[in-house]
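Below is one structure, written out as structure tokens, with a few remarks after it.
The values are calculated or read from the model by the stated rules, or taken from the named source; none is laboratory data. Bear in mind the structure is a predicted one, so any value in this text is a computation, not a measurement. Please note: Cβ atoms are built from the backbone with ideal geometry, for glycine as well, and neighbour counts cover all protein chains shown. SASA here: full protein model, heavy atoms, side chains in, ligands and nucleic acids out. Shrake-Rupley method; radii C 1.70, N 1.55, O 1.52, S 1.80 Å.
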Amino acid sequence: MSELTDEIQRRRTFAIISHPDAGKTTLTEKLLLFGGAIHIAGAVKSNKIKKTATSDWMDIERQRGISVATSVMAFDYGDYKINILDTPGHQDFAEDTYRTLTAVDSVIIVVDVAKGVEQQTRRLMEVCRMRSTPVIIFVNKLDREGRDPFEILDELESELKIGVRPLSWPINIGAKFKGVYNIYENGIDLFTPNKQRVSERVEIDDINDPRIDRAVGETDAAKLRDDLELIEGVYPEFDVEEYLAGRMAPVFFGSALNTFGVKELLDCFVKIAPSPRPVAAEERTINPDENTFSGFVFKIHANMDPNHRSCIAFVKICSGKFERNANYKHVRSGKMMRFAAPTAFMAQKKSIVDEAFPGDIVGIPDTGNFKIGDTLTSGEDMQFKGLPSFSPEMFKYIENTDPMKSKQLEKGIQQLMDEGVAQLFVNQFNGRKLIGTVGQLQFEVIQYRLLHEYGAQCRWEPISLYKACWVESDDAEALAQFKKRKHQYMALDREGRDVFLADSNYVLQMAQADFPKIRFHFTSEF
């Protein structure tokens, strides 16, 4: 086996996604703890967003800076090299998370046992489904009162529209929580609430082993056996192929805060999760073990520090070996570029790397050359498919308040849109510029950054819209008819595609009913 194949086989690149507060950052931290990347829990305190009020949103940005810098973490675990992409749970930054999902090979979803599946999690699951990304579910906070595990499993199936199969099972929950039976490896782990130490393992031969009764008491042991019999009867056998195809999600139970059930998750994860997979480009499918290098930019982080206008472009490596100071082609501009200081992220430390392999994420200092979705290759012209933009939920007209600075405003808007902060639409009826975002916070961030980074002032004018949807049709006449009829509500996106601005759900449904030949899309990737 070549060095390349070897390195690809040991890579596991995944994202952890959840609704805010389900325990994502805690889980990330515990995984790093097992990987030896940090030595004491509490070292990754990145997720402060939810504790800050809107009044200090500059701080939110600062906090977000931290959570973005630490959001790519690499560590070794046994023979594996693991790359975790932590995603901001705050829904105002959902776009960021959608794009992160294009750079991973699998996903771990964290669900709070008391709250079950929340809206944010449903939407993220849709993105996983779109790409058939394999998913493992970790049901967290079992040491607190919550819902019945079977009820949670039903909800996972119906809300996330995926088959589930428990690979561990809790013995009671809340105050009576005694531990977890590891179905995948046949063992019992007894719960001792301790944030730093891992719980004790009871070795058993099988589920009827009397050692179980001694460990958890006869009543709980009997209930556990009944539950397991029910699981065997109701849920299909765990099938790795089904998991890899994105049709079945293994479920683990535990408490990340108490480092409980996390090791079971990690041990099973490294065995079953996919190593880097082939990636579809417009021209062909790229296999990770090709000798020539290719990768794409899935995230750009512009610095809020006005003294250094440095940005970092995060590049996911898709094939071949990336080498420092080698010449690579930036496909969109056709230029050759070399990178003297590419960085990798190891927990909190950023270090310069000399080489990286498929599945790895490299940070490249960016002086304005990159846009989200850009492809870098050893020379071949190709473009990786789809980093989706979702239909925004909030809209405002952007107006220039200082006519002398219109150039700066233009440039600022263009660059911020490249970064994927928001989407720009131009109304075909009156030529006004509209900005669409997924959250209120972005408008404040844009206004602040235009002023501080570009010296341009803008003000927002409200407009009440329900959704922006991309429209197309095979019937040119039907499309012309539609545009004529809706001319006040038509806009163009930055690629010059037609966008219909529906001002209410009712209007949208009527339009869909009245114009059967028109296709309405809610993501830009179609």
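Look at the range 325-337: where a residue is among the β-branched types (V, I, T) and a partner is not in a loop (DSSP other than H, G, I, E, B), sitting 6+ places away or on another chain with Cβ atoms under 8 Å, you get V331/T375; V331/L376; V331/T377.
Here F384, F443, F429 are screened, and the one residue that is in contact with a helix residue (DSSP H, G or I) (Cβ under 9 Å, 6 or more places away or on another chain), open to solvent by less than 20 Å² (accessible area, probe 1.4 Å) and aromatic (F, W, Y) is F384. If you check T70, T13, T5, T25 for being buried (at least 19 other Cβ atoms within 10 Å of the Cβ), modelled with pLDDT of 65 or more and out of contact with any strand residue (DSSP E or B) (no Cβ under 6 Å at 6 or more places or on another chain), only one passes: T25. Strands (runs of 3 or more DSSP E) wholly in the range 129-174 with at least 1 residues that are over 23 Å from P20 (Cα atoms) - which ones? Ranges flagged: 163-166, 168-171. Residues in the range 220-234 include none that are surrounded by fewer than 21 Cβ atoms within 10 Å (Cβ to Cβ) and either among the aromatic types (F, W, Y) or within 22 Å of the chain's Cα centre (by Cα) (or both). Quick one: how many residues across the range 354-369 are more than 13 Å from I8 (Cα to Cα), open to solvent by less than 10 Å² (accessible area, probe 1.4 Å) and of a type outside the set (A, V, I, L, M, F, W, C)? The qualifying residues number 2. Against the criterion of being out of contact with any helix residue (DSSP H, G or I) (no Cβ under 6 Å at 6 or more places or on another chain), open to solvent by less than 50 Å² (accessible area, probe 1.4 Å), closer than 15 Å to M394 by Cα and of a type in the set (S, T, N, Q), Q423 qualifies. Can K161 be described as touching a residue at least 40 places away in the same chain (Cβ under 8 Å) and surrounded by fewer than 21 Cβ atoms within 10 Å (Cβ to Cβ)? Criteria not met by K161.
Within the set R277, R324, R338, the sole residue that is closer than 23 Å to R99 by Cα, at pLDDT below 90 and charged (D, E, K, R) turns out to be R277. Among the conditions (1) closer than 30 Å to D374 by Cα; (2) touching a residue at least 40 places away in the same chain (Cβ under 8 Å); (3) touching a strand residue (DSSP E or B) at 6+ places or on another chain (Cβ under 8 Å), the only one that H452 does not satisfy is (3).
Evaluated against (1) open to solvent by 10 Å² or more (accessible area, probe 1.4 Å); (2) polar (S, T, N, Q); (3) more than 22 Å from D418 (Cβ to Cβ); (4) modelled with pLDDT of 80 or more, T52 falls short on exactly one condition, (4).
Condition check: open to solvent by 40 Å² or more (accessible area, probe 1.4 Å), of a type in the set (A, V, I, L, M, F, W, C) and under 23 Å from the mean Cα position of the chain (by Cα). Does M404 satisfy that? Spelling it out, it is not the case that M404 is open to solvent by 40 Å² or more (accessible area, probe 1.4 Å), of a type in the set (A, V, I, L, M, F, W, C) and under 23 Å from the mean Cα position of the chain (by Cα). Within the range 480-514, restricting attention to residues that are open to solvent by 20 Å² or more (accessible area, probe 1.4 Å) and touching a helix residue (DSSP H, G or I) at 6+ places or on another chain (Cβ under 9 Å), the residue that is nearest to I463 (Cα to Cα) is D503. The C-beta contact set for the range 503-514 (first residue closer than 16 Å to H487 by Cα and free of Cβ contacts under 8 Å to residues at least 40 places away in the same chain, second residue among the hydroxyl-bearing types (S, T, Y) and part of a helix (DSSP H, G or I), distance under 8 angstrom, 6+ apart or interchain) comprises D503/Y489.
Scanning for something closer than 16 Å to I162 by Cβ, touching a Ser or Thr at 6+ places or on another chain (Cβ under 9 Å), open to solvent by less than 70 Å² (accessible area, probe 1.4 Å) and at pLDDT below 90, does the range 254-262 turn up at least one residue? Lay out the reasoning, then the answer.
The initial filter retains those residues of the range 254-262 that are closer than 16 Å to I162 by Cβ, namely none.
Taking every residue of the range 254-262 in turn, none turns out to be closer than 16 Å to I162 by Cβ, touching a Ser or Thr at 6+ places or on another chain (Cβ under 9 Å), open to solvent by less than 70 Å² (accessible area, probe 1.4 Å) and at pLDDT below 90.
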